[in-house]
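Presented below is the structure to which this report refers.
The values are calculated or read from the model by the stated rules, or taken from the named source; none is laboratory data. Given the structure is predicted, the values throughout are model-derived calculations rather than measurements. Note: ideal-geometry Cβ built from the backbone for every residue, glycine included; neighbour counts use all protein chains shown. Surface areas here come from the heavy atoms of the whole protein model, side chains and all, with no ligands, DNA or RNA. Shrake-Rupley method; radii C 1.70, N 1.55, O 1.52, S 1.80 Å.
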Amino acid sequence: MDQVNHKVIPKTNWLFFRAMVNQFITDTGYMDNSELIDEDYAITNKQYLGHGWSYDGYVNQIDNYIPFAYQFFTILTVGLAHTDNEQSKLLKERAKAFVPSYANWFAADGAALPYGRSLDYRFAQAAFWAACAYAHVDLPDDYTIGDIKHLLLNNLRWWFKQNIFQSDGLIPIGYSYPNMNFAEGYNGPASAYWALKTFIFFALPDDDPFWTTKESDDFKFEALKKQPEPRMLIAHSQNGLEVQAFTAGQHSHEHAHGEDKYEKYVYSTTFGFSTAKARTLLKQAPLIIR
């Protein structure tokens with residue numbers, strides 16, 4: 001496991017994997033790698049923007065990787081290691097601040113905003129809520145564990161109504177149906193199974209408040225919310241069944257279909273977005289992800 005400390009790691013969410021490994025090595029007493037952990041967090045702390053949001057290595061690219069990785073893996077590490085130092089307190093504070101902000105990316109029917117890269121990870125969209133429950137993150141005053149449970153389970157219910165399984169029972173590359181076209185260069189046949197990180201809540205003991213608390217009947221959202229960190233204006237329909245995100249100033253520096261995934265005028269939980277196969281003929285354009 002110590003090999004991770006002898007490789008060049010990009011200054012992105014990958015640093016959290018190394019921090020997690022070094023936390024394990026330190027907690028087992030095999031070696032004190034606390035300084036290495038602090039060095040990695042010193043880098044990611046500089047990428048923090050506010051309200052729980054960071055940027056993942058690229059200042060102009062802020063997407064689902066913040067709940068997927070920046071929030072999920074830091075909260076998970078705190079929950080597993082039971083650390084109570086200044087860094088862990090900081091991570092919990094950021095998770096608390098992220099709750100009301102990220103909740104606005106979800107619609108009343110459980111659908112989450114399709115935006116940016118790695119949408120192939122499907123219901124990893126709800127992994128942040130599962131990690132909050134697992135690590136017992138303190139919640140904002142107007143949120144309860146019932147609200148977190150609803151956001152988590154409602155997204156799972158939405159996903160299992162979609163056509164995400166092949167005839168052999170496997171989950172292919174795609175979003176709500178198999179779609180190789182919109183994949184990133186780092187996607188492979190097993191990429192979709194990052195979604196399984198959401199099931200971390202099954203590690204909670206039987207008497208945990210998550211199991212004994214009633215799921216909220218609905219969720220809290222703001223009809224119109226400006227989110228300066230991901231550079232969005234989030235608008236909910238009156239009944240909450242559609243979320244629209246009006247974007248400004250985002251860009252993917254290296255991932256496939258960056259223009260389609262980051263730079264459209266508006267993104268919607270109802271209509272998804274198209275990724276063009278090519279830009280020569282009209283018939284090459286409309287491949288809607290939903």
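Some notes on this structure:
- Theoretical FRET efficiency, 1/(1+(r/R0)^6), r = Cβ-Cβ of ASN181 and HIS51, R0 51 Å, to 0.05: 0.95
- Each stretch of four or more DSSP H residues adds -39500 (n - 2.57); spread over every residue of the chain, this sum gives -9000 deg cm²/dmol at 222 nm.
- Summing Cβ point charges (Lys, Arg +1; Asp, Glu -1) relative to the Cα centre of the range 11-153 gives a dipole of roughly 340 debye.
- Given LYS161/LYS226; LYS46/LYS89; LYS96/LYS225; LYS96/LYS161, the pairs whose alpha carbons are separated by over 26 Å: LYS161/LYS226; LYS96/LYS161
- Estimated at the nearest 10 Å², the accessible area of TRP14 is 140 Å² with a 1.4 Å probe.
- Here the simple spin-label model places points 7 Å from the Cα toward Cβ, and for LEU224 and ASN239 these points are separated by 2.2 nm.
- Computed magnitude of the charge dipole of the chain (debye, nearest 20; Cβ of K, R +1, Cβ of D, E -1): 1160
- Sulfur and carbon atoms: percent of accessible area, the chain [1.4 Å]: 57
- At a probe radius of 1.4 angstrom, the accessible area of the chain per residue rounds to 47 square angstrom.
- Neighbourhood charge, 15 Å Cβ-Cβ cut-off, centred on PHE219 and excluding it, Lys, Arg +1 and Asp, Glu -1: -3
- A simple charge model with +1 on the Cβ of Lys and Arg, -1 on the Cβ of Asp and Glu and nothing else charged puts the dipole of the range 13-79 at about 180 debye relative to its Cα centre.
- Take every Cα pair under 8 Å whose residues are at least 6 apart in sequence, average their separation, divide by the length of the chain, and the relative contact order is 17 percent.
- Sequence-separation-based contact order of the range 119-238, relative, with Cα cut under 8 Å and 6+ spacing, percent: 33
- Positive minus negative residues near GLN87 (Lys, Arg vs Asp, Glu; Cβ under 11 Å): -2
- Build a GNM of the chain with springs between Cα atoms under 10 Å apart, and of ASP38, ASP27, ASP141 the one that fluctuates most is ASP141.
- Residue among GLY29, GLY174, GLY240 with the largest mean-square fluctuation in a Gaussian network model of the chain, springs linking Cα atoms under 10 Å: GLY29
- Among ILE148, ILE234, ILE164, the residue with the largest mean-square fluctuation in a Gaussian network model of the chain, with springs joining Cα atoms closer than 10 Å, is ILE164.
- Relative contact order (%) - the range 49-158, alpha-carbon pairs under 8 angstrom, separation at least six: 34
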